[in-house]
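Presented below is the structure to which this report refers.
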Amino acid sequence: MGLGLLHFDGHVVDDDGRLLLESDDGEELMHVEPGIAIALGSRPMESLGTLYVTSRRVIWLSDADKGKGYAVDFLSLSLHAVSRDLETYPFPCIYTQVFDL
């Protein structure tokens, strides 16, 4: 698993919409949150998707484009915070900085 924000495509979900992990290293699915939009840097916000939190990383998969997704290992998250400042962003969000080599 690499550091930084990685493209995550070819994802597989079960009948309940839960991510099927192909990992043999004991990674477990801890939480699923549907209806999540993401914005990366200054790019426009992505369409809604589902956020998966595993025991090792955070994964976001697009609901509209089944080939689009991103994953970031917990070791790559250098900062995260809840932001409610509507002057900074138009609605409450989770702000993160991703460490990339």
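The values are calculated or read from the model by the stated rules, or taken from the named source; none is laboratory data. Owing to the predicted nature of the structure, the values given are computational and were not obtained by experimental measurement. Please note: Cβ atoms are built from the backbone with ideal geometry, for glycine as well, and neighbour counts cover all protein chains shown. To get the accessible areas, we keep the full protein, side chains included, count just its heavy atoms, and leave off ligands, DNA and RNA. Shrake-Rupley method; radii C 1.70, N 1.55, O 1.52, S 1.80 Å.
Once ligands and nucleic acids are excluded and a 1.4 Å probe is used, how much of residue 80 is accessible, expressed in Å² to the nearest 10?
Per-residue accessible area (residue 80): approximately 130 Å².
How many percent of the accessible area of the chain is carbon or sulfur, using a 1.4 Å probe?
Working: 3750 of 6910 Å².
Roughly 54 percent, rounded to a whole number.
Using the Kirkwood radius over Cα pairs, work out the Stokes-Einstein diffusion coefficient for the chain at 37 °C and 0.692 mPa s, in µm²/s as a whole number. Walk me through the intermediate numbers first.
Working: Rh = 14.4 Å.
The diffusion coefficient I find is 228 µm²/s.
Kindly report the accessible area of the chain per residue (heavy atoms of protein chains, probe 1.4 Å, no ligands, DNA or RNA), in Å².
Heavy-atom SASA per residue in the chain reads 68 Å².
Would you list 28, 87, 46 from the most to the least accessible area, probe 1.4 Å? Please report the intermediate quantities before stating the final value.
Details: 28 110, 87 180, 46 35 Å².
Largest accessible area first, the list is 87, 28, 46.
If you rank 43, 56, 84 by how much accessible surface each has, with a 1.4 Å probe, what is the order from largest down?
So, going from the largest accessible area down, we get 84, 43, 56.
Choose one of 92, 48, 61: the residue whose Cα lies farthest towards the positive end of the charge dipole of the stretch 1-96 (beta-carbon charges +1 Lys, Arg; -1 Asp, Glu; about the Cα centre).
92
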